[in-house]
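Read the figures in this text as sums done on the coordinates, not as results from a lab. This structure is a prediction, so every number in the text was calculated from the model and none was measured. When we count neighbours, we look across all protein chains shown, and the Cβ atoms used for this are built from the backbone with ideal geometry, even at glycine.
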Amino acid sequence: MPRFYFDVREGTRFIPDADGLEFESLDAAEHAAAEAAAEIGRDRLPKSDARDITIEVKNEHRQRVLTVTITMAIHRVDPEPLPPRA
Amino acid sequence: MLEGAAVRPRQVNKGVDILLEGDRPPECTVLLEGYAGRYNLLRNGKRQITALHLPGDFVDLDSFLVKRMDHAAMAITPCTVGVISHDTLREISENHPHLARLLWLTTLVDGAINRRWLVAMGRRSALEHTAYLLCELFVRLEAVGLVTEDSFKLPLTQAELGDALGLSNVHVNRIIQELRTEGLITWRGETLTVEDRRLLQQLAEFDPSFLCLDREPR
């Protein structure tokens, strides 16, 4: 089975994958990357400065074959609305 | 101590089921060598490993009283298992109250471990949860003499570790890279070395007292 590498970028932080994992196809690797991106996003986005998590999937020659990005966007209403008049 | 009462030792190959969900075994199985896991399968094929067992552990003490298995158990590595019949366990529990208390304690410790897993799975980050599981395995293996110079055998694949943590294997892969980069562990082949036990335990908020490994009258 082909080996894929899953490097994770969380804002400015980069966590390279030294080991890689075997998947039967690129489709299977894509599904695994999507699942992991959602999990990592839920885990990391609310408590770090990073606003997006990207998983770069590379093939056995370390060539990038796909990326998955999860973004959290927070928009505050500015100016804050005034309380309604009685 | 009860391992001595286990009879009919047999080998179970890696990945093979020791028991299936729904079985009604007439005996309880004790793990003598190797690592085993209890698990439940979902209809979509996903698996949750609900407990990891080490030499000396029962993989199904519950079958003595519950009768019908509500989970399966499989050999994570090649295992040697023995059995103690329910009749023998009944005799032990009726005639040797201190051994009955020991069996009771075993189920309580299993329950305490399950609670820790639940807390970690529900409320902790993936990094803290993984650190917790490694601390737990370290202390349990140390108690049975299977830790040498802060290293122990961790023969689980990342997918199996993910099934125990409730995380995808790519996520587990990222967590392992982070624990390694932070200098907390190294994991080569099947050997996991805890490089900084204090920091790992601190990250995991790990206090081993729930495992009741200290000797005191019970």
Degrees, to the nearest 10: A:26-44 long Cα axis against longest axis of chain A: 40 degrees
Rounded tilt (10° steps) of B:126-143 against the dominant C-alpha axis of chain B: 50 degrees
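Could you work out the equivalent-ellipsoid semi-axes for chain B, taking the square root of 5 times each eigenvalue of the Cα gyration tensor, largest first, in whole Å? The partial results should precede the final answer.
Working: eigenvalues 173, 78, 51 Å².
Over the Cα atoms of chain B, the ellipsoid semi-axes are 29, 20, 16 Å.
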Farthest toward positive dipole pole in chain A [+1 Lys/Arg, -1 Asp/Glu at C-beta], among A:Ile53, A:Ala29, A:Pro16: A:Ile53
Relative contact order computed over the range B:2-114 (Cα-Cα under 8 Å; 6+ residues apart), in percent: 36 percent
Average beta-carbon neighbours from other chains, 10 Å sphere, peptide B:164-170: 6
Dipole magnitude of chain B, debye to nearest 20 (Cβ charges: Lys/Arg +1, Asp/Glu -1, about Cα centre): 500 debye
Sites B:Glu216 and A:Ala73, calculated FRET efficiency, Cβ-Cβ separation with R0 35 Å, nearest 0.05: 0.05
Chain B: angle of helix B:169-181 to the longest principal axis, Cα-based, in degrees nearest 10: 60 degrees
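So how do B:Phe138, A:Phe6 line up by other beta-carbon neighbours within 10 Å, fewest first? Could you put the intermediate results ahead of the total?
Working: B:Phe138 23, A:Phe6 26.
Fewest to most other Cβ atoms nearby, the residues stand as B:Phe138, A:Phe6.
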In order through the range A:59-68: 3J(HN,Hα) via Karplus (6.51 cos²θ - 1.76 cosθ + 1.60), integer Hz, x for Gly, Pro: 7, 5, 8, 6, 9, 5, 10, 6, 10, 10
Separation of alpha-carbon centers, the range B:150-215 and the range A:1-71, rounded to whole Å: 21 Å
